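Data block below; observations after.
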Ligand SMILES: [Zn+2]
């Protein structure tokens, strides 16, 4: 964690300095090795290097540890008291680091709030399947953890036989059709991977399924690959991947205010016309999926490409196994909070370099995305120390921690919608979000909308 932090902060720091100087990131990275930085005079190159050297000495593993030990001690689900605790801490830190007035931007999106999520196998025997992980000692209060569920699933109660549809892609449904198997009126059992989970729900609905159970197969990210958490990085048998099933390809952000900010009194569209998923969908672990797939599910055996990592032959169904899926999900308009802080540019104050990361998370953990939010704070700390020496950036720099990313990019989308045409002056956006495999190209995405 600490090593990743330090390496990452340096990368982001270099990008801020160089992009602020007016170079695209790739050219900037190449230029960093040259004697004279492209776009700078020799004298300015020397000054820029001096500034960058001073900057790179500031990020500290000890600070990363301090930030993380406070922030990761509680969960931070969007709009929760844990999320508000993170907001207050981020505001206090930014204020202390750069002596700016951080702004809290409050929006009022339509949030799904699970009241009771239940998945019960009803055939051939009755078995209630777990919808939450086992409590582990590293988690200080498991009652704070939200149940395993998919944000932006509709509430609903459906009972039907199960059909295993592999990853639930277009090609998978074509293969099912060739095999003479339909999901019409059935519950699709879909493994995570290959495509966005919202696409899986949408395709299942298009093919007539009345509900979806998503699960994480051990072949994709579980014990087929190596040691599982807490002994290794792979998903434990009881681990549940939470996530949004919003129809993100229609639009991101608040379902009820497409294209404009979710302010308190903004007009709202009808939820039935929004990007909320069409059929009840919920995720379970591979331990929970085992009784559904093992022996009980009948029908022909699946082809090799569909076989997952559980130690028995998978079958398509339908037949043998049925599920009662009961999702009691409330929807309500609730406040969420972005935090931003801007350092005005000296030469081109209207041009803005954004450095942002989402601050909300599903449960505990430093990854996805406290590591990103803490890096925003470390960058703020470094810039604050440079400001004290009289340095000023050529362009304005806005630091941001976004809320509600896990529900469908809520905080950054509403911010972009409210900021509107001013975002045309953004010269770069550096986004930081957790990934298991470290890659600068995947972590640093240049876009203006978040
Ligand atoms: Zn994330």
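Summary of values
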quantity: Cα gyration tensor shape for the stretch 345-396, rounded if a/c is under 1.5, else prolate or oblate; calculated: oblate
quantity: Between the stretch 338-398 and the stretch 155-218, the Cα center-to-center distance that results, in Å; calculated: 41 Å
quantity: Fraction of beta bridges assigned by DSSP in the stretch 110-333 that are antiparallel (%, nearest 5); calculated: 60 percent
quantity: Contact order relative to length of the stretch 269-374, as percent, for alpha carbon pairs under 8 angstrom and 6 or more apart; calculated: 16 percent
quantity: Helix 42-56 vs. the chain, principal-axis angle (Cα, 0 to 90°, nearest 10); calculated: 50 degrees
quantity: Sequence-separation-based contact order of the stretch 110-333, relative, with Cα cut under 8 Å and 6+ spacing, percent; calculated: 34 percent
quantity: Highest to lowest packing among 199-212, 255-268, 41-54, scored as the average C-beta count within 10 Å; calculated: 199-212, 255-268, 41-54
quantity: Percent RCO, i.e. relative contact order, over the chain, from Cα pairs under 8 Å lying at least 6 residues apart; calculated: 23 percent
quantity: Tilt relative to the chain, helix 410-419 - C-alpha long axis, 0 to 90 degrees, to 10; calculated: 50 degrees
quantity: Gyration tensor (alpha-carbon) shape descriptor, the chain, a/c threshold 1.5; calculated: prolate
quantity: Gyration tensor (alpha-carbon) shape descriptor, the stretch 110-333, a/c threshold 1.5; calculated: oblate
quantity: Bridge type composition, the chain - antiparallel percent by DSSP, nearest 5; calculated: 55 percent
quantity: Structure-based [θ]222 nm, the chain - -39500 (n - 2.57) summed over DSSP H runs of at least 4, per residue, nearest 500; calculated: -9500 deg cm²/dmol
quantity: C-alpha long axis of helix 81-98 to longest principal axis of the chain, angle in °; calculated: 20 degrees
quantity: Mean Cβ count within 10 Å, highest first, over the residues of peptides 419-426, 383-390, 352-359, 144-151; calculated: 352-359, 144-151, 383-390, 419-426
quantity: Protection proxy ranking, peptides 159-171, 401-413, 336-348, average beta carbon neighbours within 10 Å, highest first; calculated: 401-413, 159-171, 336-348
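Bear in mind these aren't lab numbers, they're just calculated from the coordinates by the rules spelled out. All values reported here derive from a predicted model rather than from experimental measurement. For neighbour counting, all protein chains shown are included, and Cβ atoms are generated from backbone atoms with ideal geometry for every residue, glycine included.
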